[in-house]
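These notes concern the structure reproduced below.
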Amino acid sequence: MKLSNIPQRYVIVFLTFLSTCVCYIERVGFSIAYTVAADAAGINQSSKGTILSTFFVGYACSQVPGGWAAQKIGGRKVLLLSFVLWSSTCFLVPLDPNRVGLLVVARLLVGVAQGFIFPSIHTVLAQWVPPHERSRLVSITTSGMYLGAALGMWLLPALVELRGPESVFLAEALAGVIWSLLWIRYATDPPRSEHPKAAAAGFGGALLPTNVNHHKVTHIPWKKIMLSLPVWAIVVNNFTFHYALYVLMNWLPTYFELGLQISLQGMDSSKMVPYLNMFVFSIVGGFIADYLITKRILSVTRTRKFLNTVGFLVASAALMALPIFRTENGVILCSSVALGFLALGRAGFAVNHMDIAPRYAGIVMGVSNTAGTLAGIIGVDLTGKLLEASKLVYSDLSHPESWRAVFFIPGLLCIFSSVVFLLFSTGERIFD
């Protein structure tokens, strides 16, 4: 199949969209499959939280190295290597909750491999995407995360019921292999910045080096990056976004099963609605941002702050209201609003890497995504411990008070983060 009539940057965006989609199918899939297997084996909630958070330890360790590798070697090659590594691990390692050591090593390896993905994607997109399309094309790429989560919530419980938890690992490995073959076939490096047509299109020197041999980055301003308040505004919001997302992604199945006494296998397609909402709101947020900027309604700085603030404050209210609802539809509604507006907020902080540091977008993404990954380690593990403590007070997890702290913590973090972004962020380029 030839794609010669489609601009190559759109091919790259579509393929990176598919990559984030497949990655989040894997993450949701492990949570679903492991929850079923662990509950059948009698594993307690604290131990479940530890295993679920192990992925994020490996993921955190490879974020900054991933940005560095993508900068030095090239995002296209690093992204492919990441997919090969995590797909192989999923294929080779059995899902047995009683073999804790093996499972920990496997999740660490998958985490390390996937930690290279988003810094590599941001490096590739910063090379390919011109500034006037930045918000919407980056939002389309990241929306794949939410479509993947939605598809995982919809399809994988049925697969577990039909073929058992182990089948999820094999399906995920197959999806990773298929994506890798597509990337090898259709992904290319961007045009060289010295080419006049490439420069006129907005590629090359104003963004990232497009060829490591001809445009080697000799110095990365680590000190300036680490001391920059706008960078820290992104870091804080990345932490909060992922704290809320990973807590819901990893513990919403348990909330339905034990908090509401509702089986995921028995639910209809409504369980995928929160992630579909994220998918839609992420794309909508990108188009709104580009419209506000290109029509000169708001500056880049005010656009980022506006969308980030609206997204995080509405999400905060929905998160804190979630444990009040005790029905399937009520929880679906609250989680949909929370995740949808968090995705809208990504048109603020998550694109801001390329505004302030287009040349070092992969590096800044690696730094901020390390914080997001730490949020996964802390949030997922802390939630398990909070629930174990609640069981001592309320005897089981069906009492609504058992879950109040679980959802209040990310709600309060959203308020704090929106204030930080309002005070310290900028849409201006600050790194040459």
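The values are calculated or read from the model by the stated rules, or taken from the named source; none is laboratory data. Because the structure is predicted, anything quoted here is derived from the model rather than measured. Cβ atoms come from the backbone with ideal geometry, glycine included; neighbour counts cover every protein chain shown. Only protein heavy atoms, including side chains, enter the accessible area calculation; ligands, DNA and RNA are left aside. Shrake-Rupley method; radii C 1.70, N 1.55, O 1.52, S 1.80 Å.
Looking at GLY330, GLY348, can you tell me which residue is among the small types (Gly, Ala, Ser), within 17 Å of ILE288 (Cα to Cα) and assigned to a helix (DSSP H, G or I)? Steps first, please.
Details: GLY330 fails: within 17 Å of ILE288 (Cα to Cα).
It is GLY348.
Here LYS197 does not qualify as open to solvent by 20 Å² or more (accessible area, probe 1.4 Å), modelled with pLDDT under 50 and outside any helix (DSSP H, G or I).
For every residue, the table says whether it meets (1) farther than 16 Å from GLY411 by Cβ; (2) in contact (Cβ under 8 Å) with a residue 40 or more places away in the chain.
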residue	(1), (2)
TRP251	no, yes
TYR255	no, yes
MET272	yes, yes
ILE283	yes, yes
VAL310	no, no
MET320	no, yes
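Taking the criterion of being in the same structural domain as ILE6 (by the TED database), out of contact with any Phe, Trp or Tyr (no Cβ under 9 Å at 6 or more places or on another chain) and either open to solvent by 20 Å² or more (accessible area, probe 1.4 Å) or over 15 Å from LEU15 (Cα atoms) (or both), would at least one residue in the range 138-149 satisfy it?
No: the range 138-149 contains no residue that is in the same structural domain as ILE6 (by the TED database), out of contact with any Phe, Trp or Tyr (no Cβ under 9 Å at 6 or more places or on another chain) and either open to solvent by 20 Å² or more (accessible area, probe 1.4 Å) or over 15 Å from LEU15 (Cα atoms) (or both).
Within the range 386-432, the set of residues being among the polar types (S, T, N, Q) and in contact (Cβ under 8 Å) with a residue 60 or more places away in the chain comprises SER398, SER402, SER417, SER418, SER425, THR426.
Within the range 372-387, being farther than 16 Å from PHE55 by Cβ and either open to solvent by 10 Å² or more (accessible area, probe 1.4 Å) or assigned by the TED database to the domain that holds ALA69 (or both) holds for LYS385, LEU386.
If you check SER390, SER368, which single one turns out to be touching an Asp or Glu at 6+ places or on another chain (Cβ under 9 Å) and in the same structural domain as MET226 (by the TED database)?
Numbers: SER368 fails: touching an Asp or Glu at 6+ places or on another chain (Cβ under 9 Å).
When all the criteria are applied, what remains is SER390.
Does VAL28 fit the bill of being under 30 Å from PHE256 (Cα atoms), touching a residue at least 24 places away in the same chain (Cβ under 8 Å) and open to solvent by less than 10 Å² (accessible area, probe 1.4 Å)? Spelling it out, VAL28 is indeed under 30 Å from PHE256 (Cα atoms), touching a residue at least 24 places away in the same chain (Cβ under 8 Å) and open to solvent by less than 10 Å² (accessible area, probe 1.4 Å).
Residues checked against (1) open to solvent by less than 10 Å² (accessible area, probe 1.4 Å); (2) over 29 Å from GLU257 (Cα atoms); (3) among the β-branched types (Val, Ile, Thr):
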site	(1), (2), (3)
PRO323	yes, no, no
ARG326	no, no, no
ASN329	no, no, no
VAL337	no, no, yes
GLY340	yes, no, no
ARG346	no, yes, no
ALA350	yes, yes, no
ASP355	no, yes, no
ALA361	yes, yes, no
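Among the residues of the range 348-355, is any under 16 Å from the mean Cα position of the chain (by Cα) and among the small types (Gly, Ala, Ser)?
Yes: the range 348-355 contains one or more residues that are under 16 Å from the mean Cα position of the chain (by Cα) and among the small types (Gly, Ala, Ser).
Considering (1) open to solvent by 40 Å² or more (accessible area, probe 1.4 Å); (2) over 18 Å from THR240 (Cβ atoms); (3) of a type outside the set (Phe, Trp, Tyr), the lone condition that ASP290 does not fulfil carries the number (1).
Would you say PHE55 is in contact with a Ser or Thr (Cβ under 8 Å, 6 or more places away or on another chain) and outside the structural domain of ALA350 (by the TED database)?
Working: in contact with a Ser or Thr (Cβ under 8 Å, 6 or more places away or on another chain): no; outside the structural domain of ALA350 (by the TED database): yes.
The answer is no for PHE55.
Here is the figure for the range 406-432: residues that are touching a helix residue (DSSP H, G or I) at 6+ places or on another chain (Cβ under 6 Å) and under 18 Å from LEU313 (Cα atoms) total 15. Restricting the range 164-190 to residues that are among the charged types (D, E, K, R) and closer than 21 Å to GLY75 by Cα leaves a set whose member that is least open to solvent (accessible area, probe 1.4 Å) is ASP189.
Working carefully through the options LEU85, LEU125, LEU102, find the one that is more than 24 Å from ALA361 (Cα to Cα) and either more than 15 Å from the chain's Cα centre (by Cα) or in contact (Cβ under 8 Å) with a residue 60 or more places away in the chain (or both).
Numbers: LEU85 fails: more than 24 Å from ALA361 (Cα to Cα); LEU125 fails: more than 24 Å from ALA361 (Cα to Cα).
Going through LEU85, LEU125, LEU102 in turn, just one is more than 24 Å from ALA361 (Cα to Cα) and either more than 15 Å from the chain's Cα centre (by Cα) or in contact (Cβ under 8 Å) with a residue 60 or more places away in the chain (or both): LEU102.
Looking for whichever is in contact with an Asp or Glu (Cβ under 8 Å, 6 or more places away or on another chain) and modelled with pLDDT of 85 or more here; the options are GLU133, GLU172. Which one fits? Result of the check over GLU133, GLU172: GLU172.
Across the range 401-429, the number of residues qualifying as exposed (fewer than 15 other Cβ atoms within 10 Å of the Cβ) and not in a helix (DSSP H, G or I) comes to 1. Does at least one position in the range 18-25 carry a residue that is open to solvent by less than 40 Å² (accessible area, probe 1.4 Å) and either over 23 Å from SER180 (Cβ atoms) or not assigned by the TED database to the domain that holds TRP183 (or both)? No - not one qualifying residue is present in the range 18-25.
Across the range 54-61, not a single residue is classified as open to solvent by less than 20 Å² (accessible area, probe 1.4 Å), in a helix (DSSP H, G or I) and touching a Pro at 6+ places or on another chain (Cβ under 6 Å).
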